[in-house]
Every structure is written in C-alpha cells, then in structure tokens.
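Q: This is the structure I want to talk about, given as structure tokens.
The values are calculated or read from the model by the stated rules, or taken from the named source; none is laboratory data. On a predicted model such as this, the values are computed, not experimentally measured, just so you know. Cβ coordinates were reconstructed from backbone atoms using ideal geometry, including for glycine residues, and neighbour counts include every protein chain displayed. In case anyone asks, the SASA skips ligands and DNA or RNA and just uses the protein heavy atoms, side chains included. Shrake-Rupley method; radii C 1.70, N 1.55, O 1.52, S 1.80 Å.
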Amino acid sequence: MKFSLCALFLCLSQLSLHAQAAADQGAAEGKALVQKLFTQESTQDELLALAKEANKAGVPRQQIIEAKLIWGLRHQNIPFLVKILPEVEILAASFDPALAAALPNVDTAKSFISYIKAMKAASAKDDDGFKSNILEAIWLNPQQASVFIQAIEQVRRESKMAALTADLKIPLTNSAGEATTLSDQLGGKKALLLDFWASWCGPCMKLMPKLQEKARLLSAHGIVVAAVNKDDATPDATAEAKAERIRVELNTSIPWLVEPAERPYTKAFDLESIPRMVLLSPDGKVLFNGHPEDPALWTALKKVDPTVEAP
C-alpha cells in the first residue's frame, strides 16, 4: 500500500536534517559515510551496503536506522519500512537527541512507527488497524498531519477503486476529432495506462518526456499508454485543438485522447488533481490510480507483465 499525492520525504524536508553536523562527532570516514547514507539517489541495495559499512566504521546505530527510515519514507517503499519496523522501534526506545541526524525528537520517530503500522494494516485490509495507527501518527506528529491525511485519502480511494469496473465504451474523441473509446485503444492488449493531463498543468507538461518513455518501454510488453486531455473548450479553441497543439509540439505518436466535457472518467476515478495515471485491465478493473512518479505504478505494471522493469 502506497500513496502518491505528495512524496513523503518532500514534506519531511521541514525536518532538521543535520547529518553532517551529527557526523562531526566521529572520524572523517564516519562523517562521509553518514552523508552517503542520506544520499537521495541511493538504491535499496546501495543503502544496505552503506549501512553495513557504516556499522563497521562505528557510525552510531541511531543514525544508520534514521537513514534507513528516511530512505523508506522518501521512496514510499512500504515492504521495506515494514521490514525495518523492529529497528525503528529500537530507535524510538533509545532515542538520543544529541545523535539525531534527521528526526527532531522521539515523538517524530514514534509517529512514523504508527504510520508504518497503519500502512501495513491497510495492505492487510485491516481497516480498524489502519484507523487507529494513522490517528496515533497524527496525534504524535501534527506537523506532518497533511501527509498522514493523504494516506487516509489514498486508502479510501483504493478501496473505492477496488470495487469499480470502468466503462471502457464511453464515447471519446482524439485530438484530431475522431471518435474512439478506451476499449478501441486497448485493442486486445494486456492493459491500458492512462495519463490525465492539461496544457495549464505545469507538472503534467514537465512529465511529458517520461510519458513518451513509458509508452516506448511498455509497448513491448503489450501495455498501451494513452494521454487523456482535460482542457476545457474556450471561445477561441476547442479542447481537441488545444490537445492537438501539444501533440504536434511533442511530435508524439501516443494515442492523444480528449475527455468529454461531462468528465465521466474524472468522476469515476476521483481525479481531484493531476497529473494522474490510471492503469486498467481489459475488463475495466483499476490496477493503479496515482501520481505518475509513484513507485507503486511499476509494482502494478509488473503484475500485468513480470518482465516489466522501471527505467
């Protein structure tokens, strides 16, 4: 279970990440290792290798655990967070503010313990366990309440999506004004990945190169990628014309669809914000509904085809 409307570590940037200052208490090697532990680009394997190296070099265990926790939160890797939960509980039980590298106080550590337990409960469809733990997380760390509330909203959305069967035969047009449907676009392939966007959405436009890369990569796996424009018509231009202008600028061959003014899919998929991607099975089941950069998208894609690999 993962949520995506806000990458959690972006919100955690409010915390006082003073890893360098904390590392000054140790040797130069330890200082460099602590800095590497908190490197944003590390893969999970690289993180674990660095953690072993840091442990041998005498870096305080608290700082190593904090680094693992921050990596898991940043990447929203719930299985990883669940795996290190015993370590995070040890961190909270013996928290030393003088050694803290990322967490300002013990209540923050405890709040993330509750968050991890909540997400574990959500994965197990334990509604009561999720509610009690996510509320405890908010109580312990109200500064991050907006982040935890996003988790609540995502869990609710996923519950709704699990019960939804989308109508793939709703009439649509492409940017050339030609009639089509999602069923037509699927064309007997394994799945359909929809990218909802608008020309006025800066983040949507910024992600267009990655959309084209996804389309190229996934086509070899029998997964169709289509863009769905949400621009409104104006007196000077139709929605189709606005979508077509961007398609021409990008010189893309991706199916370039336009959602009807009644917004049937916006309503069905609870698209209160964009960019948003929705992965559909051939029978209209929602396999993913979230931000295009959410790692959970690739987890869902691998379930469609186990040979899919994230770029």
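Q: Read through the list (1) more than 27 Å from residue 175 (Cβ to Cβ); (2) open to solvent by less than 30 Å² (accessible area, probe 1.4 Å); (3) of a type in the set (D, E, K, R), then give the number of the only condition that residue 302 fails.
A: In the conditions (1) more than 27 Å from residue 175 (Cβ to Cβ); (2) open to solvent by less than 30 Å² (accessible area, probe 1.4 Å); (3) of a type in the set (D, E, K, R), residue 302 misses (2) alone.
Q: Here's something else I'd like to know. Within the stretch 117-132, which residues are more than 12 Å from residue 156 (Cα to Cα) and surrounded by 20 or more Cβ atoms within 10 Å (Cβ to Cβ)?
A: Restricting attention to the stretch 117-132, the residues satisfying the condition of being more than 12 Å from residue 156 (Cα to Cα) are 117-121, 123-124, 126, 128-129, 132.
Scanning the stretch 117-132 gives 117, 118, 119, 121.
Q: Identify all residues within the stretch 187-201 that are in contact with a strand residue (DSSP E or B) (Cβ under 9 Å, 6 or more places away or on another chain) and either assigned to a strand (DSSP E or B) or surrounded by fewer than 19 Cβ atoms within 10 Å (Cβ to Cβ) (or both); write none if there are none.
A: Filtering the stretch 187-201 for residues in contact with a strand residue (DSSP E or B) (Cβ under 9 Å, 6 or more places away or on another chain) gives 187, 189-199.
Selection gives 187, 189, 190, 191, 192, 193, 194, 195, 196, 197, 199.
Q: Would it be correct to say that residue 155 is assigned to a strand (DSSP E or B), β-branched (Val, Ile, Thr) and either open to solvent by less than 40 Å² (accessible area, probe 1.4 Å) or touching a Phe, Trp or Tyr at 6+ places or on another chain (Cβ under 6 Å) (or both)?
A: No: the conditions fail for residue 155.
Q: When residue 150 is evaluated against the numbered criteria (1) touching a residue at least 40 places away in the same chain (Cβ under 8 Å); (2) open to solvent by less than 60 Å² (accessible area, probe 1.4 Å); (3) more than 18 Å from residue 36 (Cβ to Cβ); (4) touching a helix residue (DSSP H, G or I) at 6+ places or on another chain (Cβ under 8 Å), which criterion, by number, is the only one it fails?
A: Going through the list (1) touching a residue at least 40 places away in the same chain (Cβ under 8 Å); (2) open to solvent by less than 60 Å² (accessible area, probe 1.4 Å); (3) more than 18 Å from residue 36 (Cβ to Cβ); (4) touching a helix residue (DSSP H, G or I) at 6+ places or on another chain (Cβ under 8 Å), residue 150 breaks only (4).
Q: Inspect the stretch 278-289 for any residue being without any contact (Cβ under 8 Å) to a residue 60 or more places away in the chain and surrounded by fewer than 19 Cβ atoms within 10 Å (Cβ to Cβ) and give the result as yes or no.
A: Checked against the condition, which is being without any contact (Cβ under 8 Å) to a residue 60 or more places away in the chain and surrounded by fewer than 19 Cβ atoms within 10 Å (Cβ to Cβ), the stretch 278-289 yields no hits at all.
Q: Okay, moving on. Under the condition of being within 25 Å of the chain's Cα centre (by Cα) and small (Gly, Ala, Ser), which residue from the stretch 52-97 is nearest to residue 298 (Cα to Cα)?
A: The qualifying residue nearest to residue 298 (Cα to Cα) is 72.
Q: Are there helices (runs of 4 or more DSSP H) fully within the stretch 202-311 with at least 2 residues that are under 28 Å from residue 44 (Cα atoms), under 23 Å from the mean Cα position of the chain (by Cα) and of a type outside the set (S, T, N, Q)? List them. Working first, answer last.
A: Values: elements: 202-206, 208-219, 239-250, 264-268, 296-304.
In the stretch 202-311, the matching helices (runs of 4 or more DSSP H) lie at 202-206, 208-219, 296-304.
Q: Sticking with this structure for a sec: Could you please give the count of residues in the stretch 62-116 that are open to solvent by 30 Å² or more (accessible area, probe 1.4 Å), assigned to a loop (DSSP other than H, G, I, E, B) and free of Cβ contacts under 8 Å to residues at least 24 places away in the same chain?
A: Count: 1.
Q: OK, next. Inspect the stretch 223-235 for any residue being of a type outside the set (Ser, Thr, Tyr), open to solvent by 30 Å² or more (accessible area, probe 1.4 Å), out of contact with any helix residue (DSSP H, G or I) (no Cβ under 8 Å at 6 or more places or on another chain) and under 17 Å from residue 255 (Cα atoms) and give the result as yes or no.
A: No: zero hits.
Q: Still on this model: List the helices (runs of 4 or more DSSP H) that sit entirely inside the stretch 2-60 and contain at least 2 residues that are modelled with pLDDT of 80 or more and farther than 30 Å from residue 278 by Cβ.
A: In the stretch 2-60, the matching helices (runs of 4 or more DSSP H) lie at 28-37, 44-56.
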